[in-house]
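Here is the structure we will look at, set down as structure tokens.
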Amino acid sequence: MRQASGTLTVTAPRQGLHLITDAVAAWVADQRMSEGLLTLLVRHTSASLLIQENAAPAARRDLERWLARIAPESSDYEHDDEGPDDMPAHLRSALTAATLSIPVLDRRMRLGMWQGIYLCEHLRSPRRREIAVHLMGE
Amino acid sequence: MRQASGTLTVTAPRQGLHLITDAVAAWVADQRMSEGLLTLLVRHTSASLLIQENAAPAARRDLERWLARIAPESSDYEHDDEGPDDMPAHLRSALTAATLSIPVLDRRMRLGMWQGIYLCEHLRSPRRREIAVHLMGE
Amino acid sequence: MRQASGTLTVTAPRQGLHLITDAVAAWVADQRMSEGLLTLLVRHTSASLLIQENAAPAARRDLERWLARIAPESSDYEHDDEGPDDMPAHLRSALTAATLSIPVLDRRMRLGMWQGIYLCEHLRSPRRREIAVHLMGE
């Protein structure tokens, strides 16, 4: 049994959900472990992770609109010194996930056929985001 | 240190939350590891996982009603070609969890006394659901 | 490769979010593993875990107010025999996280600079809370 640690760096093209499945799968394949456990941790509080439907762009857009509706930009937040998109970014991050744990078999993540891994960029001006990755297995 | 990979298959009797604690506990016990880490991944985007109160059916029903309220069926979704329950199913999945990580000790999950593991079936016509399971320890 | 299991016990001073990063970091450092995977599981259904912004008290307060708004105290719940704060506590727990998985490197969690780990106490009268911790690595 052994382990590997790394960092994936992603800059989203715009606010919203961005598929990173391929980049994660490539890192996993590089570690050459046939069976194990993969862990992802987004190292930010205004971006998050989500496993969701990977095929329908309309589903992605509906998800983005829903996040904007239940954690809206608003003048009612006390914490607003970093811009109107900052506090909703924290709320949308709290709603989704900071960490994901994904079993690996035959060097591949055991995701379902319709599942993709998304980086959720919650700020209007996307930043360089780091995702800590860890794989343990053999 | 060693690891085990498996798949639990569940078909819920109806839309809503369904306790799967016993099935998970049985798989863990079968692996005969006294200490370790258990990981669950639901392999679908219209069903999810949740650790919640395992005793009060009224709490379960309130949770189901609350999910239906904050991620409602509606004619406002752009993605509606798979039925009116499909897009809310994705939203309710995003709100809850796709993966869970549970420490194991003495061959048992370290859940609290009132905690159960639920499969959340978000579609009106339940389907056969697969949960990837992974245990690493000794 | 080896593993360690423990329990962190926390009683929050009041309802809301409470930083526990230091207590978790101390436990991790005590295990003297340079690289590994840390898992946290809150053993309750009316308290939860969250990785969020660790510096701005206003952001913490906005988060608490938002949780109170989308999972409010109300007389509409069927499950109300444990008090008006009990059912919203379950809902706020479902919204946030019961388990967290955090890669460790150089004996430290790989959290981002602005990330802290919070225990979310959702009851008005805080109780003694147990968090199961597990570290695997070497």
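The values are calculated or read from the model by the stated rules, or taken from the named source; none is laboratory data. All values reported here derive from a predicted model rather than from experimental measurement. Neighbour counts run over all protein chains shown; Cβ positions are idealised from the backbone, glycine included. Ligands, DNA and RNA are stripped out before the accessible areas are found, and what is left, the full protein with its side chains, is counted by its heavy atoms. Shrake-Rupley method; radii C 1.70, N 1.55, O 1.52, S 1.80 Å.
What total accessible surface area, summed over both chains, is buried at the interface between chains B and C, computed with a 1.4 Å probe and given in Å² to the nearest 100?
About 2700 Å² of accessible surface is lost on pairing.
Tell me the per residue accessible area of chain B using a 1.4 Å probe; a whole number in Å² is fine. Write down the numbers at each step before the final one.
Numbers: 5390 Å² over 138 residues.
Each residue of chain B exposes 39 Å² on average to a 1.4 Å probe.
Have a look at the range A:1-44 and report residues whose accessible surface goes down by 50 Å² or more when the remaining protein chains are included, against the chain on its own, probe 1.4 Å, ligands and DNA/RNA excluded.
Checking the loss per residue gives A:Met1, A:Gln3, A:Ser5, A:Glu35, A:Leu37, A:Leu41, A:Arg43.
Work out which residues of the range B:117-138 lose at minimum 10 square angstrom of accessible surface when the other protein chains are put back, relative to the chain isolated, with a 1.4 angstrom probe, and list them by number.
B:Ala132, B:His134, B:Met136, B:Glu138
To the nearest 20 debye, what charge dipole does chain C have about its Cα centre, counting +1 at the Cβ of each Lys and Arg and -1 at the Cβ of each Asp and Glu?
The dipole magnitude comes to about 560 debye.
Can you pull the semi-axes for the range B:62-113, root of five times each eigenvalue of the Cα gyration tensor, sorted largest first, whole Å?
Result for the range B:62-113: semi-axes of 33, 13, 7 Å.
When the accessible area of the range A:1-74 is computed with all protein chains present and a 1.4 Å probe, what percentage of it is carbon and sulfur?
Ligands and nucleic acids excluded, carbon and sulfur give 49 percent.
Relative to the longest principal axis of chain A, what angle (0 to 90°, nearest 10) does the C-alpha long axis of helix A:21-30 take?
Approximately 30 degrees, to the nearest 10.
Please give the calculated 222 nm ellipticity per residue for the protein assembly as shown, where each DSSP H segment of at least 4 residues contributes -39500 (n - 2.57) and the sum is spread over every residue; nearest 500 deg cm²/dmol?
-7500 deg cm²/dmol
On alpha-carbon atoms, Rg over Rh for the protein assembly as shown using Kirkwood Rh?
Ratio of gyration radius to Kirkwood radius for the protein assembly as shown: 0.93.
Treating each Cα of the range A:2-137 as an identical point scatterer and ignoring solvent, apply the Debye formula and state log10 I(q)/I(0) at q = 0.16, 0.22 Å⁻¹.
Each listed q maps to, in turn, -0.80, -1.31.
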